[in-house]
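Engineer: Encoded as structure tokens, here's the structure I'll be asking about.
Rule-based calculations on the coordinates, nothing more; no lab input. This structure is a prediction, so every number in the text was calculated from the model and none was measured. Positions of Cβ are generated from backbone atoms using ideal geometry, with glycine treated the same way; all protein chains shown enter the neighbour counts.
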Amino acid sequence: MAKFIKPFRGVPVGEIYPVQFAAGVDCPAELVAGALSVGALSLDTAPLHALSLVGSSILPSQVPLVDGVTVSLGDVVSHAHAASGLTADAWNALDEGTRDEAIGVSIQQLTAEAEAKKAMTSSDPAAAEAGDAGNTPPAAEKGELIQQLEAAGVAFDKRWGVDKLTAALTEARKD
């Protein structure tokens, strides 16, 4: 089992609150990807099976989204896996049909994002500039939405995601 090379805070399976792990402690398999992403594990010590995600046997290695825009199957699978909320082992244990369905949903989402971005940049320069403004980091966008909801006096939960906050603001503006 891989050992942490620096302190790491994560939520292992069966827990509901984050746990602080010290350097030198074994890393639970479900936290390997997260620990790698912040440098708390070394690639040399990480188990390879935890890094590998089963993909699709029916899709090509490069998935076309819109004219001239393609993504690797690996990126699509990573997107679908992240959206699933499953551990790598649980993802890999899914039956092929369920996994392909989740990958298909990710392809649709990525295609919609690519089409929107292409539409924004292919129209007039002002729209392209507005498209760049649309690349606001989620945390900043969430903060702006919270300020707008508070200013409008709308009841909401600060734990809501950007989509739900946007929906609440849209609903409040209808009234």
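Engineer: Can you work out the FRET efficiency for the pair T70 and V11, with r the C-beta to C-beta distance and R0 = 45 Å, to the nearest 0.05? Don't skip to the end; give the middle numbers.
Structural biologist: Values: r = 35 Å, r/R0 = 0.77.
Efficiency, rounded to the nearest 0.05: 0.85.
Engineer: A follow-up question, please. How much net charge surrounds L145 when only other residues with a Cβ under 14 Å from its Cβ are counted (Lys, Arg +1; Asp, Glu -1)?
Structural biologist: For residues surrounding L145, the net value is -1.
Engineer: For V38, project a label point 7 Å along Cα to C-beta. Then give me every residue of the range 64-107 with its amide nitrogen under 15 Å of that point.
Structural biologist: none
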